[in-house]
Amino acid sequence: MNSVTRSLPVSGLGDMSNESRMIATPWSRMLRGIGLGQYPIDYDAAVAGHIRDAFDRLAKKVSPSDGYTLFCRDMADFTLRVAEPGGDRDWMAPAVGPLLEAVRSVPNPYYRATAGSILMDAFAKLGLDLSLLVNDERDFPAEVLGMLDEIAPDAIPDENQGRHGEYERVSACCTVFLALGQLGLRDRLVTAERNHVVEALNLLEHFPIPYFCGRVGGMLMSVIALLGYTEHIFDGERDYMAEVLGYLTRADEVGNWPAFPNPMPTPWLKVYPLLTMLNAVAMCGRAEYLTQPIDALAESRKLMSEIPWNTRVHMSQYYVIALHNLGRLADQLPDLNSFMQDVTAVLDIVDPGENFSPRGNAYPYIIELSMMTGRMDLIPDEALVRMADSFPDLDRVGDWTNSIDDNRANRAFPFSYALNVLGEIGAAELIFTPRERYEGRSAITWFVDDLSEDTREEGDRISMLDHCLVSYALRMRGADAGQTKLFQSFSFPFSG
């Protein structure tokens, strides 16, 4: 077997940027569109062509009403034109208006706010002039901030209908607040007329179950800390971090666990929101919340030990990054090499084609954490090939799969994760170039060709691939692209 080319962006945890430490996991990036474009690289004309081709194919498959995919195609093309070296910029200003109209054309208010946030974040990372968005003719950031008021609770049409509460609105607050901060407009969030930060924190009490509250609450508080508004979390009339952490301890009492097509162990459902909250503790620099209302590190360690390794790997990235950010990795995981050997051993245990999750997305978590910890030597080429060639297997029923329909409808989940991590390690040719497994087509061509008519079965799951491709385009802004001023000015309180 020919060796798979690799080009690693980091050689260990110490190389990670503040943005990658804060928004490390693919869930937030692929599902929620926050923190796209991490690990910048130089412009690559071949990859740019693959991205444009993928979006052109997607545009022909999705419903004409899918304004979100069409916006993402326009956003990726705009980004690639800016990133391509040697071109003039005369085209740029006239192109902004149509791009903003593409955002406004997205019918769903959650996705419309997300689209606006992706655009603003990209403008900041590309170093474009703010006057393109705020001038005598327009105030686009104000428009996007106003979109938050249009997002209704419990509007996600999936198996957890009725359990989400304000999940979408709080998720959108994370992306919108961060995007405004990236543009240097954080002061718009807290004014004499309205405190958007406190309003978002108040939404956390409207979550029917702890799982969703902790998972999105951790990201919200991390964003607030990055923006320098931690006083609103702790020092007002309420202590929102204490409230959420206390809510997590009542998970057994509350019950009403989240539903998944393939059920997950109860310890997994408990540790996921706890680890996201631990990362918020790390961002906020409040060590007392590690021991109140419970010893959170001891509880995390206990819960992790109770999860079988084949699903524990999904939480391993959350766990390692939270401990690293807290400055507690050495005492909580004194033998990181041994831990990573256990993580990567799962490559020989699970079949990535058995189901879309948790099997289908296990490999990306394992590979990305190995990259972050500098242990890519533990990832054989065979594992990368096995992951890239696994997607047709989702058309069969494995030992732990509810139905073929679930796998097909959710195939964008593992596919976007796989493309994201292969791009990060410089091995995206496994997805972009023709392969025997796909009868001479590339994996991405096969994937798009196999989508249902108007993507009716996949629905908004297609947004994960949209985000993956936009993120890849934004990465190509130059290998020497530094962090934005917002992230440069932040220091993790516990670990520097």
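One table, with the values for the structure above:
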| item | result |
| --- | --- |
| Probe 1.4 Å, accessible area per residue of region 354-496, Å² | 33 Å² |
| Built amide H within the under 5 Å cut-off of Asn355, gap 5+ | Gly360 |
| Computed [θ] at 222 nm, helices only, for the chain once each DSSP H run of length n ≥ 4 contributes -39500 (n - 2.57) | -15500 deg cm²/dmol |
| Within region 237-323, trypsin sites (Lys or Arg not before Pro) in DSSP loop having at most 12 other beta-carbon neighbours inside 10 Å | Arg250 |
| Farthest toward positive dipole pole in region 109-253 [+1 Lys/Arg, -1 Asp/Glu at C-beta], among Ser131, Gly217, Ala142 | Ser131 |
| Stokes-Einstein translational diffusion, region 212-306 - Kirkwood Rh over all Cα pairs, 0.890 mPa s, 25 °C, in µm²/s | 179 µm²/s |
| Length-normalised contact order for the chain - Cα pairs under 8 Å, 6+ apart - percent | 25 percent |
| At most 14 other Cβ within 10 Å, DSSP loop - GluC sites (Glu not before Pro), region 208-284 | Glu237 |
| P(r) of the chain over all Cα-Cα pairs, binned every 20 Å from zero, in whole percent | 24, 61, 14, 0 |
| Region 109-173: GluC sites (Glu not before Pro) in DSSP loop, at most 13 other beta carbons within 10 Å | Glu137, Glu159 |
| Convex hull projection area averaged over all views, region 394-496, Cα basis, nm² | 10.2 nm² |
| Cα-only radius of gyration and Dmax that characterise region 133-194, units Å | 14.1, 45 |
| Volume of the Cα convex hull of region 282-369, divided per residue and given in Å³ | 102 Å³ |
| Projected-area mean, region 59-190, by convex hull of Cα positions, square nanometres | 9.3 nm² |
| Portion, in percent, of the accessible area of region 1-129 that falls on carbon or sulfur, probe 1.4 Å | 47 percent |
| ³J(HN,Hα), Karplus 6.51/-1.76/1.60, whole Hz, each residue of region 183-200, x for Gly, Pro | 8, x, 10, 4, 4, 5, 7, 10, 10, 5, 7, 7, 10, 5, 5, 5, 4, 5 |
| Under the Karplus curve 6.51 cos²θ - 1.76 cosθ + 1.60, θ = phi - 60°, whole-Hz ³J(HN,Hα) for region 38-49, x wherever Gly or Pro sits | 6, 6, x, 9, 6, 4, 10, 4, 5, 5, 4, x |
| Positive minus negative residues near Thr344 (Lys, Arg vs Asp, Glu; Cβ under 10 Å) | -2 |
| Under Karplus coefficients 6.51, -1.76 and 1.60, residue-wise ³J(HN,Hα) of region 362-378 in Hz, glycine/proline x | 5, 4, x, 5, 4, 5, 5, 5, 4, 4, 5, 8, x, 10, 5, 5, 7 |
| Rh by Kirkwood over Cα pairs, then Stokes-Einstein D for region 321-417 at 0.692 mPa s and 37 °C, µm²/s | 228 µm²/s |
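The values are calculated or read from the model by the stated rules, or taken from the named source; none is laboratory data. All values derive from a computational prediction rather than experimental measurement. A quick note on method: Cβ atoms are made from the backbone with ideal geometry, for glycine too, and the neighbour counts reach across all protein chains shown. Side chains included, ligands, DNA and RNA excluded: accessible areas come from the protein's heavy atoms. Shrake-Rupley method; radii C 1.70, N 1.55, O 1.52, S 1.80 Å.
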